[in-house]
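A quick write-up on the structure given underneath.
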Amino acid sequence: MAEPHSQNDDQTLQLACDLRERVRDLNYATFGPPSLTAPQTIYSILGNLSEAAYGLDQTLTQMGEFLEGELEAERLVSADEDGPEPAVSQARDELAEAIEHAQDLSNALERAQRQIGLLAVQESATPPTAEAKRRDLSAASDSDPADLARAELPAPIGDLLPPPGSPPAPPSPSREPASPSHPRPAP
């Protein structure tokens, strides 16, 4: 993982790329069991996300201040005939709006976290096992192949296949065999 304090533009950019990838990883991880099985996990995730959104306020402010400083030092040029001032001004306005959204996001995540803090999993409640998922998906596929496509996927291939040694499912009576779209001419 990258160092907490970057030394140059490339390292700073890498931190932003790493953040994007960690969000993508978190998207996969929060799909459900086995990586998400308890409200306490959601509680902690929401707390971390709230703090991250709160921290974006500082990041966005600093980027706007950098642009303003570069403009004042006359180190910016623009392809626009009006010069860099309108672009910096518009960027600062958009960053200010993003800061408000980041603050709102942080606050909303914190409120959600407080509500999740009231929850717990019942002692008898357990997440569905791979075998239970396989039975559910197998039953769905026996009745109509479209049901399998509507099932919550992606699922590991082992969860979709019938257990070894089980008989193959009979074809659904509601489906007719496909006929070729271009029949061969009779000889």
When (1) closer than 30 Å to Leu36 by Cα; (2) free of Cβ contacts under 8 Å to residues at least 60 places away in the same chain; (3) loosely packed, with under 12 Cβ neighbours inside 10 Å are applied to Ala108, the one that fails is (3)
* Tell me, yes or no, whether the range 69-83 has at least one residue that is touching a helix residue (DSSP H, G or I) at 6+ places or on another chain (Cβ under 9 Å), part of a helix (DSSP H, G or I) and at pLDDT 95 or above. => yes
Scanning the range 9-31 residue by residue, those more than 29 Å from Glu97 (Cβ to Cβ) and either outside the structural domain of Ser106 (by TED's automatic domain parsing) or exposed (fewer than 11 other Cβ atoms within 10 Å of the Cβ) (or both) turn out to be Tyr28
Within the range 32-51, of all residues that are hydrophobic (A, V, I, L, M, F, W, C) and without any contact (Cβ under 8 Å) to a residue 24 or more places away in the chain, the one surrounded by the most Cβ atoms within 10 Å (Cβ to Cβ) is Ile45
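Listed here are the residues, each with its yes/no results for (1) more than 21 Å from Asn48 (Cα to Cα); (2) modelled with pLDDT under 95; (3) surrounded by 11 or more Cβ atoms within 10 Å (Cβ to Cβ).
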| site | (1), (2), (3) |
| --- | --- |
| Arg92 | yes, no, yes |
| Ala96 | yes, no, yes |
| Gly117 | no, yes, yes |
| Glu131 | yes, yes, no |
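The values are calculated or read from the model by the stated rules, or taken from the named source; none is laboratory data. For clarity, every value in this text was computed on a predicted model and none was experimentally measured. Cβ sites come from the backbone with ideal geometry, for glycine too, and all protein chains shown count toward neighbours.
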